[in-house]
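Student: Okay, handing you the structure first.
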């Protein structure tokens with residue numbers, strides 16, 4: 001797989017990412033997207049009317065399989081599961097409880113399973129995973145999902161990034177080129193989540209996200 005620079009017109013910056021195809025001697029292809037993407041992020045929940053937990057306990061991340069085949073978040077060749085390598089601390093279960101996401105299906109990784117189930121009663125328990133440790137930064141941070149790679153010379157397992165979203169709350173212009181923070185502000189404690197607008201488009205781009213009513217698992 002080739003890696004290359006991808007120019008983000010929204011921010012006027014480049015990301016170095018896996019490419020969808022190899023193009024030696026020609027312009028870089030579009031970034032590789034999927035098979036598993038981050039499709040929704042509830043990083044700063046509001047306080048529910050009957051809430052029994054602190055706001056952060058209602059956090060969740062939605063993952064979507066955009067491919068035409070099931071994807072198991074476990075590499076049997078190296079006997080190691082996928083995990084989040086930035087933003088939160090969560091490693092997916094190993095067999096016999098390994099997680100498989102069917103084609104076109106979603107799962108939720110949540111901060112507090114009990115709090116999440118109390119707030120989102122219609123979400124099937126079978127697609128809810130967690131809890132994770134740590135919390136999503138309300139001001140924004142890099143959220144990264146990875147699969148296991150090789151072991152280096154020091155005996156340390158390396159991980160291959162599958163998906164990354166370096167989100168913001170829309171209120172930190174100093175962190176963005178041109179002192180303009182293009183991320184939507186409506187997901188910053190106002191009841192909305194960050195929702196991806198195009199499943200097939202590159203995810204680490206504010207132009208591909210909007211603030212909208214939470215729909216975890218739907």
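The values are calculated or read from the model by the stated rules, or taken from the named source; none is laboratory data. Note that the coordinates shown come from a computational prediction; the quantities given were computed from them, not determined experimentally. Note: ideal-geometry Cβ built from the backbone for every residue, glycine included; neighbour counts use all protein chains shown.
Student: Quick check on this structure: which one of 13, 23 is under 24 Å from residue 199 (Cβ atoms), touching a residue at least 60 places away in the same chain (Cβ under 8 Å) and not assigned by TED's automatic domain parsing to the domain that holds residue 183? Show your work before the answer.
Tutor: Details: 23 fails: touching a residue at least 60 places away in the same chain (Cβ under 8 Å).
After ruling out the rest, the residue left standing is 13.
Student: Report yes if residue 51 is modelled with pLDDT under 95 and part of a loop (DSSP other than H, G, I, E, B), otherwise no. Quick ask: steps written out before the conclusion?
Tutor: Numbers: modelled with pLDDT under 95: yes; part of a loop (DSSP other than H, G, I, E, B): yes.
Taking the combined requirement at face value, the residue satisfies it.
Student: While we're on this one: In segment 173-218, how many residues are touching a helix residue (DSSP H, G or I) at 6+ places or on another chain (Cβ under 7 Å), at pLDDT 95 or above and outside any loop (DSSP other than H, G, I, E, B)?
Tutor: 1
Student: Here is a further query. Taking segment 140-161 only, how many residues are part of a loop (DSSP other than H, G, I, E, B) and either surrounded by 14 or more Cβ atoms within 10 Å (Cβ to Cβ) or touching a residue at least 60 places away in the same chain (Cβ under 8 Å) (or both)?
Tutor: In the first step, residues of segment 140-161 are kept if they are part of a loop (DSSP other than H, G, I, E, B); the result is 140-141, 152-156.
Filter again for either surrounded by 14 or more Cβ atoms within 10 Å (Cβ to Cβ) or touching a residue at least 60 places away in the same chain (Cβ under 8 Å) (or both), leaving 140-141.
Qualifying residue count, segment 140-161: 2.
This table checks each residue for (1) touching a strand residue (DSSP E or B) at 6+ places or on another chain (Cβ under 8 Å); (2) part of a loop (DSSP other than H, G, I, E, B); (3) assigned by TED's automatic domain parsing to the domain that holds residue 44; (4) farther than 20 Å from residue 35 by Cβ.
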| position | (1), (2), (3), (4) |
| --- | --- |
| 90 | yes, no, yes, no |
| 96 | no, yes, yes, yes |
| 103 | yes, yes, yes, no |
| 109 | yes, no, yes, no |
| 114 | no, no, yes, yes |
| 117 | yes, no, yes, yes |
| 123 | yes, yes, yes, yes |
| 131 | yes, yes, yes, yes |
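Student: For segment 10-28, name all the residues that are over 22 Å from residue 65 (Cα atoms) and out of contact with any helix residue (DSSP H, G or I) (no Cβ under 8 Å at 6 or more places or on another chain). Full working, then the answer.
Tutor: Here is the first cut: in segment 10-28, the residues over 22 Å from residue 65 (Cα atoms) are 10-16, 22-28.
14, 15, 16, 22, 23, 24, 25, 26, 27, 28, listed by residue number.
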